[in-house]
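S.K.: Right, I'll just put the structure down here and ask away after.
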Amino acid sequence: MCLLLRFMTFSRSDWDAKHSAAATEAAEAPAGILSELWPLLPAGAALDLACGRGRNALFLAEHGRHVTAVDWSAVAFDIVEERAQAMNIPVRRVHRIGEAKHAAPAGIDLVQADLERVQLPANSYLLVLCVRYLQRSLFPQICRALRPGGMLLLETYTKAQLDFSGGPRDPEHLLDKGELRRTFPEFETVFYRELRAGQGIASLAARKPTAASNHHK
């Protein structure tokens, strides 16, 4: 089944219905960019934006990370909780993102929130992950939320997706060619890829510079 972009025009009930329909399906594998680049990722607190049914948050927690997972679907969180408990991964729901424990042992804090209204805590995460979700207004917040030396993994559809079936069709929810490469100019690009193989996808891994690296530039 094709992974769906979390359209900002969908209501919470729309997403609850979609996640409910998929509840009996096998758990999805983590995003390719996450599993491929895993050896390069810093240890420490992680933030998974638009986490959906938790495939990436579960992978991170299983591999020793504490993850703050944000989505606005309570049904998706029911699925994450069930799968985390089956994997013996500590999981809890918190009311606000500021209540999440950034320095806690491995586990998942679930924050139900509208990403168009959320305020990400500054200087709090060593990894920020955002997959199949495009909200350009979040980009400055992501920059602030990462600690120096932290890594951003961002992967979503490009306008090349319009040449293929499925996926988003609204150009506002699609990246222009090369856009993602240019979006975080202050970061060090670790990995970048655009694909047109059955779908149009752009993937970026970028590191926030440390004070020392800024000083030497």
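Please treat every number below as a calculation from the coordinates, not as lab data. If you're wondering where the values come from, they're calculated on a predicted model, not measured in any experiment. Quick reminder, even Gly has a Cβ in these numbers, built from the backbone with ideal geometry, and neighbours come from all protein chains shown.
S.K.: With a cap of 14 neighbouring Cβ atoms within 10 Å, and only residues DSSP puts in a loop, list the chymotrypsin sites (Phe, Trp or Tyr not before Pro) found in segment 68-171.
M.R.: On the way: sites: W72, F77, Y125, Y133, Y157, F164; in loops: W72, Y133, F164.
Qualifying residues, ordered by number: F164.
S.K.: Over segment 12-154, what is the relative contact order in percent, taking alpha-carbon pairs closer than 8 angstrom and at least six residues apart? Intermediate results must be reported in sequence, preceding the final value.
M.R.: Working: 277 pairs, mean separation 36.3, N = 143.
Result for segment 12-154 is 25 percent.
S.K.: Here is a further query. What list of ³J(HN,Hα) values in whole Hz, one per residue of segment 125-140 in order, does the Karplus curve 6.51 cos²θ - 1.76 cosθ + 1.60 (θ = phi - 60°) give from phi, with Gly and Pro shown as x?
M.R.: 10, 9, 9, 10, 10, 9, 10, 6, 8, 10, 9, 4, 5, 7, 4, x
S.K.: To the nearest Å, what is the center-to-center distance of segment 94-149 and segment 182-199, using C-alpha atoms only?
M.R.: Distance between centres, Cα-based: 21 Å.
S.K.: Give a quick list of trypsin sites (Lys or Arg not before Pro) in segment 128-174 that DSSP marks as loop, anything other than H, G, I, E or B, with at most 14 other Cβ atoms within 10 Å.
M.R.: Hits after loop and neighbour filter: R169.
S.K.: Now, a different point. Can you compute 3J(HN,Hα) from phi for each residue in segment 180-191, using the Karplus curve 6.51 cos²θ - 1.76 cosθ + 1.60 with θ = phi - 60°, rounded to whole Hz and x for Gly and Pro?
M.R.: Ordered by residue, 3J(HN,Hα) equals 5, 4, 8, 6, 10, x, 7, 8, 8, 6, 9, 7 Hz.
S.K.: If you filter segment 75-177 for GluC sites (Glu not before Pro), then keep DSSP loop positions with at most 16 other Cβ within 10 Å, what is left? Write down the numbers at each step before the final one.
M.R.: Numbers: sites: E81, E82, E99, E116, E155, E172; in loops: E116.
Sites meeting the loop and neighbour criteria: E116.
S.K.: Still on this model: Per residue of segment 86-100, in order, report the coupling 6.51 cos²θ - 1.76 cosθ + 1.60 (Karplus, θ = phi - 60°) as ³J(HN,Hα) in whole Hz, putting x for Gly and Pro.
M.R.: These are the phi-based 3J(HN,Hα) values: 5, 9, 6, 9, x, 9, 8, 9, 10, 7, 9, 5, x, 7, 5 Hz.
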